[in-house]
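First the structure, in the form of structure tokens, and then the observations on it.
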């Protein structure tokens with residue numbers, strides 16, 4: 001793995017991509033949401049331990 005790939009992934013280039021797709025777009029403050037979280041791997045190996 002190239003040092004440049006590691007460096008680029010730290011700023012988001014070639015890194016894993018996380019998309020959150022909500023079932024409904026209108027949500028009141030404090031309301032519950034539901035949906036899907038899609039994680040797509042990038043070009044560089046990365047460890048993910050927490051999604052906030």
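Rule-based calculations on the coordinates, nothing more; no lab input. Nothing here was measured: the structure is a model prediction, and the numbers come from that model. A quick note on method: Cβ atoms are made from the backbone with ideal geometry, for glycine too, and the neighbour counts reach across all protein chains shown.
Some values worked out for this structure:
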quantity	calculated
Fully extended contour minus Cα-Cα distance, from residue 33 to residue 21, at 0.36 nm per residue	3.3 nm
Packing-based order for 29-38, 16-25, using average beta carbon neighbours within 10 Å, highest first	16-25, 29-38
